């Protein structure tokens, strides 16, 4: 077990090195951040001088070595636009994204389970057909279109919900800006969470439905019917419990994809999270913030994956995790 | 009773007690939250006039000298106040300078307003103007503009001389960039031991996070990229002006969201308005749309060094005749631009009414036949795709129009983050560029876009067409040291005419400006062609 853990951690380190190298290589070829920092009148010579001061003229290996050295001390560089350490900027923006993902995940869980089960049990009913039909629409509609439509219906036409931003927030533990504890904040959360969940929700309904239908065909469910157990007990306890395992596995993977989708949602709703921050840093060639974000997200993913693998191995020794002999 | 019962009772009461404490804490928190909400609701009671403003970007810093950009100047007009500023017709209007007079060829005397206070409470005097001009000369972005000045000299507390090295015709234009800063406030060192007057582009500096100007608004709070709150400055010198007491500025980058925010009533004022939403906002009840012809010229530079065909004046003329400026303005820009035949927009001294856009396909074909390339030729072209309004579509239209006279253009577009390095490297024969004159004067266009390239003087720095005409250079340089407005105008107009006749580059159009707001404001009165809305003068009825 110990050897396995060490191996996983070493792998994680290698993965982080690769991520940081790719991020840094992109940065190096991305464009000149100084362009966005100066006016049109500043001459090429002066721009070169600023680049020199920022260490952008050094050869690639020198810059990368410096970056790695600083990163080991927890310093991922300086955001040129925010004029602050990049880590600080990212951590400030993280709560917004995490709350958005959390709310969207909540919507998905609350809706997909009952709808998926129902569609599996009564596949021929009108309602099931409606759910399955609209889920096709949901999957095929791009997030930004859903978002814009929501804004036009609920903000512009009906004036029910605010159109942009996070609204009023409350400061928790001194750094977590939360919109979950004010009415205004919750109102602002509704549309972005719906937009963000719109891609995943239909997928999950379909997944639960097909898994459940498969389980309903198995021998032990037939046996349960034969024993005369009440229908709800068969569906929920016997069948659904066994549907859940693959759904959770897929869900874990999809959560990561959802973080990526926040980029679109956040841009449309002017949601001040990490997604819109990343897109803006790309637009402004705020390259050091860009790399810092890539590395930061990389660290989070690698940590979570490593952790999950180790736990898996501990909890269920029969599971053969890749890399374990 | 046995001891153990006591113990049990003790345990039980401890449990009850802790539950009680927990409940109290919860109630207490709830109560506190309510109190907070009540406190937040309370100040709204005496109807504060608040303007909720959405722009596509927000100021990058609180230091007006850290960057020369539209956003920073818009900010400077809110928090600082210039010596003088432009009105809608580009006349100079006194602000902190009440009047001015020319003492001699090199000196312009400014008589300053008395009784003006900074946000810190300090008095505004000539010393602050001297401090500000010195700081401008140190700023990377501004030092080029203030290069012609030796500096400012305080004559007495309320008189200051702006002195130039050579006679200079744009002293007043430059005075619109002098937003006096509080010399006492910005002197010394801060608690981190750093100089308070330092100008820092990418890191912390005192001036980046603190401000003290004389402007109509003070900065109450600022979260960069999220929200900035301004409050009206109680001691502002100009009492009979706008009535907005608070401005909440939020950047909304996405065009559709910005429009939706105004239409849903979440914000009161948006700028700029995306061209596709103009019609919609104009026809919505309760909203008003104000548009104006702008001064940013979009043009194509034709590289005569890279492509021999473009060195032939007949070819260049043919291209100018083949491009349908008006058609592009109507079809691609939705009418939201002004077709251009020259660089200087109307209102600039170099503008010549006679230099109209020329579109005549027959003439273009005839010119091509006469030129050294009767069968056409191939050319490469680059354009940004996220810098100017509809830039990519404009470039595509240009390429297809050139194909009609036998010029096969292969176009490559890219985001602005990559574009400017390619532009500087002159990687293509035809390159698109947009330019706003930061002196609000024609000379600036020529100095950067059409004078012969000279790496020593910096003239022609953005002239990727390598157009070069000694006479244009001579006239532009003469205008720099000319203080007689009529003579300056004549020089600059002549230069404009020469470039028109030679088709040194192909002007496309000037981008229009737009603002939209609720109908109960005097939006029309506060906007101008520089796109610095004077929110201090905004009246909400």
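The values are calculated or read from the model by the stated rules, or taken from the named source; none is laboratory data. Bear in mind that the values here come from a model prediction, so they are computed numbers and not experimental data. Backbone-built Cβ (ideal geometry, glycine too); neighbour counts: all protein chains shown.
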Q | Filtered residues of the stretch B:274-309 (kept if under 14 Å from residue B:333 (Cβ atoms) and in contact with a helix residue (DSSP H, G or I) (Cβ under 6 Å, 6 or more places away or on another chain)) | A | B:274, B:277
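The rows are residues; the columns are (1) assigned to a helix (DSSP H, G or I); (2) at the interface with another protein chain (Cβ under 10 Å from one of its Cβ atoms); (3) at pLDDT 85 or above.
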| position | (1), (2), (3) |
| --- | --- |
| A:154 | yes, yes, yes |
| A:174 | no, no, no |
| A:187 | yes, no, yes |
| A:199 | yes, no, no |
| A:204 | yes, no, yes |
| A:210 | yes, no, yes |
Q. So is residue B:444 closer than 30 Å to residue B:91 by Cβ and surrounded by 18 or more Cβ atoms within 10 Å (Cβ to Cβ) or not?
A. yes
Q. How many residues are touching a strand residue (DSSP E or B) at 6+ places or on another chain (Cβ under 8 Å) and either in a loop (DSSP other than H, G, I, E, B) or at pLDDT below 90 (or both) when one looks only at the stretch B:189-199?
A. 1
Q.
Restricting to the stretch A:28-39, name every residue that is more than 7 Å from chain B (Cβ to nearest Cβ) and at pLDDT 80 or above.
A. A:33, A:34, A:36
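Would a scan of the stretch B:299-320 turn up a residue that is within 30 Å of residue B:526 (Cα to Cα) and crowded, with 23+ Cβ neighbours inside 10 Å?
Yes; the residues of the stretch B:299-320 include at least one that is within 30 Å of residue B:526 (Cα to Cα) and crowded, with 23+ Cβ neighbours inside 10 Å.
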Q.
Suppose the filter is at the interface with chain A (Cβ under 10 Å from one of its Cβ atoms), more than 22 Å from residue B:357 (Cβ to Cβ) and at pLDDT below 95; does residue B:481 pass it?
A. no
Q.
I need a count of the residues in the stretch B:213-233 that are part of a strand (DSSP E or B) and within 14 Å of chain A (Cβ to nearest Cβ).
A. 6
Q) Out of the stretch A:265-286, which residues are in a helix (DSSP H, G or I) and more than 9 Å from chain B (Cβ to nearest Cβ)? A) A:265, A:266, A:274, A:275, A:278, A:281
Q.
Go through (1) surrounded by fewer than 19 Cβ atoms within 10 Å (Cβ to Cβ); (2) part of a helix (DSSP H, G or I); (3) at the interface with chain B (Cβ under 9 Å from one of its Cβ atoms) for residue A:159 and report which single condition fails.
A. (2)
**Q.** the stretch B:430-462 - residue that is part of a strand (DSSP E or B) and within 13 Å of another protein chain (Cβ to nearest Cβ) and, of those, nearest to residue B:413 (Cα to Cα)
**A.** B:433
Q) Is it the case that residue B:202 is surrounded by 17 or more Cβ atoms within 10 Å (Cβ to Cβ), at pLDDT below 90 and either within 30 Å of residue A:53 (Cα to Cα) or in contact with a strand residue (DSSP E or B) (Cβ under 8 Å, 6 or more places away or on another chain) (or both)? A) yes
(Q) Return the residues of the stretch B:400-429 that are more than 13 Å from every other protein chain (Cβ to nearest Cβ), in a helix (DSSP H, G or I) and buried (at least 18 other Cβ atoms within 10 Å of the Cβ); say none if nothing qualifies. (A) B:401, B:402
**Q.** Boolean, residue B:466 is within 19 Å of residue A:43 (Cα to Cα), more than 14 Å from chain A (Cβ to nearest Cβ) and not in a helix (DSSP H, G or I)
**A.** yes
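Condition check ((1) in contact (Cβ under 8 Å) with a residue 24 or more places away in the chain; (2) within 20 Å of residue A:82 (Cβ to Cβ)) across all residues:
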{"residue": "B:214", "(1), (2)": "yes, no"}
{"residue": "B:226", "(1), (2)": "yes, yes"}
{"residue": "B:246", "(1), (2)": "yes, no"}
{"residue": "B:258", "(1), (2)": "yes, no"}
{"residue": "B:264", "(1), (2)": "no, no"}
{"residue": "B:268", "(1), (2)": "yes, no"}
{"residue": "B:272", "(1), (2)": "yes, no"}
Q: Scan the stretch A:84-93 and give yes if some residue there is within 27 Å of residue B:425 (Cα to Cα) and more than 9 Å from every other protein chain (Cβ to nearest Cβ), otherwise no.
A: no
Q | Long-range neighbours under 8 Å by Cβ, at least six apart or interchain, first residue without any contact (Cβ under 8 Å) to a residue 40 or more places away in the chain within the stretch A:63-76, second assigned to a helix (DSSP H, G or I) | A | A:63/A:24; A:63/A:28; A:74/A:87; A:75/A:87
Q: With the checklist (1) on the phi > 0 side of the Ramachandran plot; (2) without any contact (Cβ under 8 Å) to a residue 60 or more places away in the chain; (3) within 14 Å of chain A (Cβ to nearest Cβ) in hand, flag the one item residue B:193 doesn't pass.
A: (3)
Q: Would you check if there is a residue in the stretch B:509-521 being assigned to a helix (DSSP H, G or I) and either buried (at least 17 other Cβ atoms within 10 Å of the Cβ) or out of contact with any helix residue (DSSP H, G or I) (no Cβ under 6 Å at 6 or more places or on another chain) (or both)?
A: no
Q: Please indicate, with yes or no, whether at least one residue in the stretch B:168-184 is within 14 Å of chain A (Cβ to nearest Cβ), under 30 Å from residue B:246 (Cβ atoms) and part of a helix (DSSP H, G or I).
A: no
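Table: residues versus (1) modelled with pLDDT of 95 or more; (2) more than 13 Å from residue B:180 (Cα to Cα); (3) not in a helix (DSSP H, G or I).
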{"residue": "B:102", "(1), (2), (3)": "no, yes, yes"}
{"residue": "B:111", "(1), (2), (3)": "yes, yes, yes"}
{"residue": "B:119", "(1), (2), (3)": "yes, no, yes"}
{"residue": "B:132", "(1), (2), (3)": "yes, no, no"}
{"residue": "B:142", "(1), (2), (3)": "no, yes, yes"}
{"residue": "B:146", "(1), (2), (3)": "no, yes, yes"}
Q) Would it be correct to say that residue B:164 is within 14 Å of chain A (Cβ to nearest Cβ), touching a strand residue (DSSP E or B) at 6+ places or on another chain (Cβ under 8 Å) and surrounded by 21 or more Cβ atoms within 10 Å (Cβ to Cβ)? A) no
**Q.** Those residues of the stretch B:57-72 which are buried (at least 22 other Cβ atoms within 10 Å of the Cβ) and not in a loop (DSSP other than H, G, I, E, B), in sequence order
**A.** none
Q. Would the stretch A:52-60 turn up any residue that is more than 14 Å from chain B (Cβ to nearest Cβ), touching a helix residue (DSSP H, G or I) at 6+ places or on another chain (Cβ under 6 Å) and assigned to a loop (DSSP other than H, G, I, E, B)?
A. no
Q: Within the stretch A:106-152, track down each residue that is surrounded by 19 or more Cβ atoms within 10 Å (Cβ to Cβ) and within 14 Å of chain B (Cβ to nearest Cβ).
A: A:143, A:146, A:147, A:150, A:151
Q. Given the stretch B:234-310, what strands (runs of 3 or more DSSP E) lie entirely inside it while holding 2 or more residues that are away from chain A (no Cβ under 12 Å) and within 30 Å of residue B:429 (Cα to Cα)?
A. B:287-302
